[in-house]
Every structure is written in C-alpha cells, then in structure tokens.
Amino acid sequence: MSAEFNIDALMPAEMAQKAEAVGVKKANMATLPMLGLAVLAGAFISAGAIFATTVGAGTADVPFGLAKFAVGLSFTLGLILVIVGGAELFTGNNLIIMAFTSGKVTFAQLMRNWGIVYFGNFLGSIGTALLMFVSAQYTFGKGAVGLAALNTANAKCGLGFFQAIALGIMCNALVCMAVWLCFSARSTTDKILAIIPPISAFVAAGFEHSIANMYFIPMGLFIKSWGSPAFFESIGKTAADFSNLTWGNFFLANLLPVTIGNIIGGAVMVGLMYWFIFNGKKK
C-alpha cells in the first residue's frame with residue numbers, strides 16, 4: 001500500500017508549528033555551516049540587488065510606478081534563491097522568535113543565530129559588491145548601471161534616522177510574511193509564487209532591507225571612491241554629486257536604524273503576532 005501524499009497547503013495553525021520547528025533547527029545548527037549558509041544568503045540577496053539595479057538602469061522616462069514594479073519583480077530572485085536553494089538570512093530568521101517565546105530556544109541561542117547570520121550576510125553581500133566592482137559591470141549601458149547604483153546608495157544614505165526605522169519595519173514585515181507563506185508550501189512552485197508578491201511590493205514601495213543594503217550601499221561607495229574618470233565623464237557627474245554616500249552614513253544613518261526596524265517588523269509584527277494567535281494560548 002502506497003503512503004498517502006498530501007498536496008494541500010498547510011493551514012496557518014500548522015504553519016505556526018512548522019515555524020517553531022524550523023526555528024529550533026536553525027538555532028541548533030553548528031557554527032561553520034550556519035556561517036557558510038549566511039555568506040551564501042548575502043550573495044543571493046546581492047544577486048537580486050544586481051538584477052534590480054540593472055533593470056532599473058536608464059528608466060528615467062518610464063512611469064514611476066511601472067519602473068518600481070519592474071525593479072521589485074527582479075529583486076525577488078534574491079529570496080527565491082535563499083528559500084529554495086537553502087541559506088540563512090538574518091531578516092527571515094527573525095521568525096526564530098516564535099520558538100524562543102515558546103521556550104524551545106534560549107535567548108543565547110537566538111542571539112547566537114542572529115549574530116552569526118548577520119555577520120555572514122555582511123561578508124557575502126560586501127564580497128559580492130567588491131567582485132561586481134572589479135567586473136566593471138557598473139560601466140554597462142554607457143554608465144547607466146553605475147549611475148543607478150550611485151543614485152540608489154546616495155538616497156539610502158540620506159534617509160532620516162526614524163524614517164529609516166519605519167521603512168525597515170514595513171520591509172521586514174513583508175519579508176517575514178513571504179517566509180511565513182512559504183511554511184504553507186508543498187512544492188517549489190508554491191514557494192516561488194508565495195515569495196514574489198510581498199518581496200516585489202516592499203522593493204517597489206521603497207522600503208529598507210538591511211541585508212540588501214549591505215550590497216547596495218557598498219557598491220555605490222566602491223564606484224564613488226574607485227570609479228574611473230571615463231565612467232564619471234560618461235554619466236556627466238562627479239563623486240562630489242553623491243555627498244550623502246559615506247561609510248559613516250552607511251553604518252549609522254542606514255544600517256543601524258534599518259536593522260532595528262527590520263527586527264521590529266519581522267520579530268514583533270509577524271513572529272510574535274502569529275505566536276500569540278496560534279501558540280500563545282498553550283502558554
């Protein structure tokens with residue numbers, strides 16, 4: 001007798017149980033595999049950012065909404081690679097808070113996972129940015145790709161502190177909703193279709209993702225600092241035109257507040273809310 005194969009999607013209460021089980025597994029992962037998978041996730045999210053930057057290059061004459069939709073749709077590549085390919089992403093791992101709140105993961109385990117994964121994501125992202133700079137892909141399209149990268153990074157570094165927190169909250173609420181929806185999936189196709197709408201929405205809306213910014217902003221900084229004179233001549237700009245773009249603004253004006261916002265949006269607004277609804281009554 002063959003075993004029954006259930007292709008129905010999991011319901012939200014079952015998804016909550018699966019989220020906790022996944023959180024326990026992630027929290028107990030050995031250090032080197034965790035770090036390696038985190039580096040991969042940084043590279044995967046960077047791949048989505050590369051795709052988005054290329055698609056967004058030279059779209060000045062395209063209606064704003066359509067251009068943002070195209071950029072958002074292309075960026076979904078990053079989380080698809082993370083979820084389907086298997087990697088450890090800090091923003092998605094904010095959902096480990098569900099296992100912690102149920103007492104299945106200790107605070108030390110939670111912080112260990114978030115710390116190692118955040119560091120690994122940074123290595124993967126900034127390493128990819130350096131590789132892309134060396135490739136000179138930013139000069140493609142008569143410098144349009146590099147100009148798009150510079151404009152994106154400069155704008156991100158010009159956000160107000162509390163504005164960046166708010167944009168980070170909205171971003172990771174949608175990212176964690178994408179991950180949450182994937183807990184219902186029975187197939188790879190299910191996962192991909194669950195990822196595309198919320199991820200394209202957060203990018204199109206201009207929300208802020210800490211790990212993506214670990215690629216977007218260093219890429220802009222590398223171009224600003226080391227871009228060739230011929231490139232700046234081709235775009236009719238100088239490095240001084242991107243005054244917001246500094247390492248200090250990257251870390252203090254963007255990465256810090258966006259990370260705070262991401263934790264609030266993912267761990268609190270999604271993780272703790274679903275834990276309270278489905279698992280809180282058990283406590």
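The values are calculated or read from the model by the stated rules, or taken from the named source; none is laboratory data. For clarity, every value in this text was computed on a predicted model and none was experimentally measured. Ideal geometry is used to build each Cβ from the backbone, glycine not excepted, and the neighbour counts take in all protein chains shown. In case anyone asks, the SASA skips ligands and DNA or RNA and just uses the protein heavy atoms, side chains included. Shrake-Rupley method; radii C 1.70, N 1.55, O 1.52, S 1.80 Å.
Taking each residue of the stretch 157-177 that is under 16 Å from N93 (Cβ atoms) and looking for partners that are open to solvent by 30 Å² or more (accessible area, probe 1.4 Å) and part of a helix (DSSP H, G or I) with beta-carbon atoms closer than 7 Å, six or more apart or interchain, yields G168/I260; A173/M269; L174/A201. All conditions but one from (1) out of contact with any Lys or Arg (no Cβ under 9 Å at 6 or more places or on another chain); (2) over 20 Å from F250 (Cβ atoms) apply to N93; the one that does not is (1).
Suppose we filter N244, N249, N213 for residues that are under 20 Å from the mean Cα position of the chain (by Cα) and closer than 27 Å to G65 by Cβ; which single one remains? Criteria check complete, one pass: N213.
Output the residue which, of all residues in the stretch 159-187 that are among the aromatic types (F, W, Y) and farther than 19 Å from A41 by Cβ, is surrounded by the most Cβ atoms within 10 Å (Cβ to Cβ).
Among those residues, the one meeting the criterion is F161.
Restricted to the stretch 188-203, and to residues there that are touching a helix residue (DSSP H, G or I) at 6+ places or on another chain (Cβ under 6 Å) and not hydrophobic (A, V, I, L, M, F, W, C), the residue that is surrounded by the fewest Cβ atoms within 10 Å (Cβ to Cβ) is T188.
Regarding A129, is this residue more than 24 Å from L255 (Cβ to Cβ) and part of a helix (DSSP H, G or I)? Spell out how you get there, then give the answer.
Numbers: more than 24 Å from L255 (Cβ to Cβ): no; part of a helix (DSSP H, G or I): yes.
Considered against the rule, which asks whether it is more than 24 Å from L255 (Cβ to Cβ) and part of a helix (DSSP H, G or I), A129 comes out as no.
On inspection, F100 fails the criterion of being within 13 Å of the chain's Cα centre (by Cα) and modelled with pLDDT of 95 or more. Those residues that are open to solvent by less than 30 Å² (accessible area, probe 1.4 Å) and assigned to a loop (DSSP other than H, G, I, E, B), I need them from the stretch 132-158; list them, please. Correct list: G143, C157. Would you check which residues across the stretch 82-108 are open to solvent by less than 20 Å² (accessible area, probe 1.4 Å), assigned to a helix (DSSP H, G or I) and polar (S, T, N, Q) and list them? Those that are open to solvent by less than 20 Å² (accessible area, probe 1.4 Å), assigned to a helix (DSSP H, G or I) and polar (S, T, N, Q): N93, N94.
Could you say which residue among L79, L32 is more than 19 Å from P218 (Cβ to Cβ), in contact with a helix residue (DSSP H, G or I) (Cβ under 6 Å, 6 or more places away or on another chain) and either among the hydrophobic types (A, V, I, L, M, F, W, C) or open to solvent by less than 50 Å² (accessible area, probe 1.4 Å) (or both)?
Sole residue among the options that is more than 19 Å from P218 (Cβ to Cβ), in contact with a helix residue (DSSP H, G or I) (Cβ under 6 Å, 6 or more places away or on another chain) and either among the hydrophobic types (A, V, I, L, M, F, W, C) or open to solvent by less than 50 Å² (accessible area, probe 1.4 Å) (or both): L79.
Residues that are modelled with pLDDT under 95 and either among the hydroxyl-bearing types (S, T, Y) or surrounded by 17 or more Cβ atoms within 10 Å (Cβ to Cβ) (or both) within the stretch 50-70 comprise just one, T59. Remark: pairs (first residue in the stretch 19-39, within 20 Å of A99 (Cα to Cα); second residue of a type in the set (A, V, I, L, M, F, W, C) and modelled with pLDDT under 95; Cβ separation under 7 Å; 6+ apart in sequence or on different chains) are absent. Per the listing A43, A47, A38, the residue uniquely open to solvent by less than 50 Å² (accessible area, probe 1.4 Å) and under 21 Å from A144 (Cα atoms) is A47.
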